[in-house]
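A short write-up of the structure that comes next.
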Amino acid sequence: MDIIKVENLSFDYVTQDENGNVTERNPVLKNVSLNVPEGQFLAVLGHNGCGKSTLAKHLNAILSPTEGKVTVCGIDTEDEDRIYDIRQSVGMVFQNPDNQIVATIVEEDVAFAPENLGIEPKEIRRRVDEALKQVDMYDFREHAPHQLSGGQKQRVAIAGIIAMQPRCIVMDEPTAMLDPKGRREVMKTIKRLNREQGITVILITHYMDEAAQADRVVVMDEGRIIMDDVPRRIFAQSEKLRSVGLDVPQVTELCGMLRKNGVKISDEIIFEDECAEAIADLPLKIRRADIERKTEAATREEQAETAARLDGVTYKYSIGTPFEKTAVDNVSLDIERGEFVGIIGHTGSGKSTLIQHLNGLIKPTSGTVFVDGRDIHGKEVNIRDIRFKVGLVFQYSEHQLFEETVAKDIAYGPKNMGLSEEEINKAVKSAAESMGITHLLEKSPFELSGGQQRRVALAGVLAMDPEVLILDEPAAGLDPKGRDRILSLIKQYHENSGKTVLLVSHSMEDIVKFASKVLVMNKGKLFCYDETDKVFEQTSELVSIGLDVPQITRLSHRLAEKGIDIGNDIYTTERAVRRILTML
């Protein structure tokens, strides 16, 4: 039985004048048809702006079709008398759990929806307890939501939907803001609800490894469904996926690269275990790759200049109250000039608090922060000068845009530095070129796509020509194409300018691809700070503190268990391919 049926759905966002007349139509969905059987786990993929979230909002009647029809459990979503029935049948979980949590205690939040449905108190108590147990959050029922990690908050949000006893849950990028541990927790919950409880799950995601775990994958592009099949056959079409700004799991990419080198291996591999089996079945002449480890560190000068230094930095929130918390605990480190440093750590590990010390947004409770050898809180130092020298780009930086045009927004920082008109124009042009947005300078930043807005915000910081550029999750929420675009531009900027770059990210794949050194935070302390290869050799230690390693690294461990040694420094598919080819 189909729990959801979408027939020839089209939807236009419209702009109206003050008299209610339509002045502009923006078609978002175009003739979409989709049937979702009860109990299915369906993943929806597509680039930013392709219509995924708009489609999701039609599935529980948040939006109504411009044309076509959507039925939920046999009910037409345009039947206003049955809206509550529809929303009880199809629950929605959004990207940011903070936007869905409304109560001050976990169990009260989970009870919110059943209370609004008029459920009897005894039944609400039973549902709340059962829902929390299903997401492994029962022991936290009396906690305050703000004390939970991102993954725990998202599981509470899911429990709130489960308590309504829906037949289907639609999740719109529920893991986008989570660290690797949080992602694993939420995916485990999703699969348990689907496999054990029989709840239909529709998961919108930008993570290919999450989509690979579904029963079925739908791919959207420009408001239409262009692919609809089981994950293996979807990801076998890697070129088509890349043409619409998507990606494939690393092991699928590895097999594709091996096939291009004449190796006979399946094109429908999506998990590391089956990839390890397939490689073990190849006619390998040797069982250990000819490994030559060369790191960037080997070519660096021993006496590098220090761009910034932390000396015993500790920071505590809410000192002297019951909520006192040590966010950064006695951290000391040197950041070399011209370095590209990746910063990783679980949610709440102290990453964001740490980086805010470097341009004086936060003053240490104890310890000292040095930039260019000067104590930034010393009496002779103007903190305003430090903030021009250390540029900080926050997560979802597009929320900082405010000017009429892109050019004016980028110019805001240089103007505040007191530069001449000629210097400002030169800075704007240079920053726009670095981010590939010179053709957008006269447009309103609010007319741009999410990825373009992100680049405008970044250009606004680059225009001040900082010596140190700090980026807090600059690719968060972007599709694979947008993510690769902005990170490649940042890497290119680093190589061309020689400036110091610090990149905070939850994506281990991004960190190993771009950073030469990695700084790992754990519970406010510096867990380690070393060359990328040396940090990711510590796979079990990283996993134990809630982090992860790239899928291709996990594959190398699976191969080692089978007696096939391609090295313990495998973090990219390119390196894995080179090693395997030497063994054939």
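Pairs to check: K181/K481; K52/K188; K240/K499. Give those whose C-alpha atoms are more than 27 Å from each other in this structure.
K240/K499
Which entry in (i) 1.50; (ii) 0.97; (iii) 1.03 matches Cα Rg over 2.2 N^0.38 Å derived from the coordinates of this structure?
Calculated Cα Rg over 2.2 N^0.38 Å: the matching label is (iii).
List, in order, the whole-Hz ³J(HN,Hα) value for each residue of the range 72-88 obtained from phi through the Karplus relation with A = 6.51, B = -1.76, C = 1.60 and θ = phi - 60°; use x for Gly and Pro.
10, 6, x, 9, 5, 5, 8, 7, 4, 6, 10, 4, 5, 4, 5, 6, 7
Tell me, what ³J(HN,Hα) does each residue in the range 123-132 have, in order and in whole Hz, if you take phi through Karplus 6.51 cos²θ - 1.76 cosθ + 1.60 with θ = phi - 60° and put x for Gly and Pro?
Running phi through 6.51 cos²θ - 1.76 cosθ + 1.60 with θ = phi - 60° gives 5, 4, 4, 5, 5, 4, 4, 5, 5, 5 Hz.
Where does the charge balance sit around S332 when Lys and Arg score +1, Asp and Glu -1, over other residues with C-beta under 15 Å from its C-beta?
Here the count lands on -4.
By the gyration tensor of its Cα atoms, with a ≥ b ≥ c the square roots of the eigenvalues, what is the shape of the range 42-188: rounded for a/c under 1.5, prolate for a/b over b/c, or oblate?
oblate
Which percent of the accessible heavy-atom area of the chain goes to carbon and sulfur, probe 1.4 angstrom?
Carbon-and-sulfur percentage of accessible area, whole number: 44.
Under a 5 Å amide H to amide H cut-off, with H placed in plane at 1.01 Å, what residues pair with M171 once short-range neighbours are removed?
Those qualifying (amide H under 5 Å, at least 5 residues apart or on another chain) are V93, I202, L203, I204.
Would you check the accessible area of F388, probe 1.4 Å, heavy atoms only, in square angstrom rounded to 10?
About 40 Å², rounded to the nearest 10.
What is the dipole size for the chain, taken about its Cα centre, with +1 at each Lys and Arg Cβ and -1 at each Asp and Glu Cβ, in debye to the nearest 20? Numbers along the way, then the final one.
Numbers: 73 positive and 93 negative charges, 227 e Å.
Dipole magnitude for the chain comes out near 1080 debye.
Which is farthest toward the positive dipole end of the range 496-584 among F514, L559, T582, measuring Cα position about the Cα centre, with Cβ charges +1 (Lys, Arg) and -1 (Asp, Glu)?
Of the candidates, F514 comes out farthest on the positive side.
Net charge around L178, counting only other residues with Cβ within less than 13 Å of its Cβ (Lys, Arg = +1; Asp, Glu = -1)?
Once all neighbours under 13 Å are counted, the net charge is -1.
Between rounded, prolate and oblate, where does the range 193-342 land on the alpha carbon gyration tensor, with a ≥ b ≥ c its root eigenvalues, rounded for a/c under 1.5, else prolate if a/b exceeds b/c?
Judged from the Cα gyration tensor, the range 193-342 comes out oblate (a/c at least 1.5, b/c at or above a/b).
In what sequence, highest mean first, do 492-502, 404-414, 166-176 appear when ranked by Cβ atoms within 10 angstrom?
Result, highest mean first: 166-176, 404-414, 492-502.
Mind checking the range 523-584 for chymotrypsin sites (Phe, Trp or Tyr not before Pro) that DSSP puts in a loop (not H, G, I, E or B) and that have at most 15 other Cβ atoms within 10 Å?
Answer in residue order: no site qualifies.
Quick one: net charge of G360's neighbours, Cβ under 12 Å, K/R +1, D/E -1?
Surrounding charge for G360 is +3.
Heads up, I need the accessible area for I343: 1.4 angstrom probe, whole protein in place, Å², nearest 10.
Answer for I343: close to 0 Å² accessible.
Would you please put 370-376, 16-22, 349-355, 74-80 in order of how densely packed they are, using the mean number of other Cβ atoms within 10 angstrom per residue and starting with the highest?
349-355, 370-376, 74-80, 16-22
From the phi of every residue in the range 149-165, what ³J(HN,Hα) in whole Hz does the Karplus formula 6.51 cos²θ - 1.76 cosθ + 1.60 yield, where θ is phi - 60° and glycine or proline is x?
6, x, x, 5, 4, 5, 5, 5, 4, 5, 4, x, 6, 4, 4, 7, 6
Using per-residue counts of other Cβ atoms within 10 Å, averaged over each peptide, order 236-248, 181-193 from highest down.
For the peptides 236-248, 181-193, the packing ranking is 181-193, 236-248.
Tell me which residues come under 5 Å, amide H to amide H, from N48 once H is placed; ignore anything under 5 positions away on its chain.
When sequence neighbours closer than 5 places are left aside, the close amide H contacts are D479.
The values are calculated or read from the model by the stated rules, or taken from the named source; none is laboratory data. Given the structure is predicted, the values throughout are model-derived calculations rather than measurements. Cβ coordinates were reconstructed from backbone atoms using ideal geometry, including for glycine residues, and neighbour counts include every protein chain displayed. Heads up: the accessible areas ignore ligands, DNA and RNA and are worked out on the full protein's heavy atoms, side chains in. Shrake-Rupley method; radii C 1.70, N 1.55, O 1.52, S 1.80 Å.
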